[in-house]
Amino acid sequence: MTKYLFYDLCTHVREKYPQATWWLHFHNTRGAAIANILAAMQAGMTQFDSSFGGLGGCPFVPGAAGNISSEDVINMMDEMGIATGVDVLKVMALSRKIGEIVGHGLDSYVLRAGRSKDLIASQAE
């Protein structure tokens, strides 16, 4: 495989098994899940798992991050102009509540830093 591992892998399986419906599941252990989703999208994949606030984990990798957070994926789609039908602000609010329930911080970039469009709007005021 080339340096475009997920793009090449997704392209290969789509060509080899055109009858299959693919649903991809990424953990964000090294912070690359969003980039891998983008590469998979470029290869024609359209369905991805995510979790509120990035909850989840991996029992085989000590200290591993959880799944890619739903709000990070939805925010990326919004930024790209891809309609998901999901209100990212509602997902962010729900993820914050879940963080309170589980009693620890969540692995979500957009929860920590906010959406780009909110930052740009606040600077214009």
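Points worth noting:
- Modelled spin-label separation between residue 94 and residue 82, with each label point placed 7 Å from Cα along the Cα-to-Cβ direction: 1.9 nm.
- Computed E for residue 38/residue 58 - FRET, C-beta separation, R0 30 angstrom, nearest 0.05: 0.90
- Within straight-line reach of residue 90, meaning a Cα separation under 12 Å, sit the following aspartates and glutamates at least 8 residues removed in sequence or on another chain: 71.
- Ligands, DNA and RNA are left out, and with a 1.4 angstrom probe the accessible area of the chain is 63 Å² per residue.
- The structure shown yields Cα Rg over 2.2 N^0.38 Å, and of the options [x] 1.15; [y] 1.37; [z] 1.03 that calculated value carries the label [x].
- Estimated FRET transfer efficiency when R0 is 22 angstrom, pair residue 21-residue 117 (beta carbons, to 0.05): 0.10
- Cα long-axis angle, helix 33-42 against the chain (0 to 90 degrees, to the nearest 10): 50 degrees
- Listed values for segment 73-88 are Karplus-derived 3J(HN,Hα) couplings in whole Hz (6.51 cos²θ - 1.76 cosθ + 1.60, θ = phi - 60°), namely 5, 5, 4, 4, 4, 4, 4, 8, x, 9, 6, 10, x, 10, 7, 4, and x replaces Gly and Pro.
The values are calculated or read from the model by the stated rules, or taken from the named source; none is laboratory data. A quick note: this is a predicted structure, and the numbers were derived from the prediction, not measured. With ideal geometry, Cβ positions are generated from the backbone for all residues, glycine too; neighbour counts draw on all protein chains shown. We work out accessible area using only protein heavy atoms, side chains counted, and drop any ligands, DNA or RNA first. Shrake-Rupley method; radii C 1.70, N 1.55, O 1.52, S 1.80 Å.
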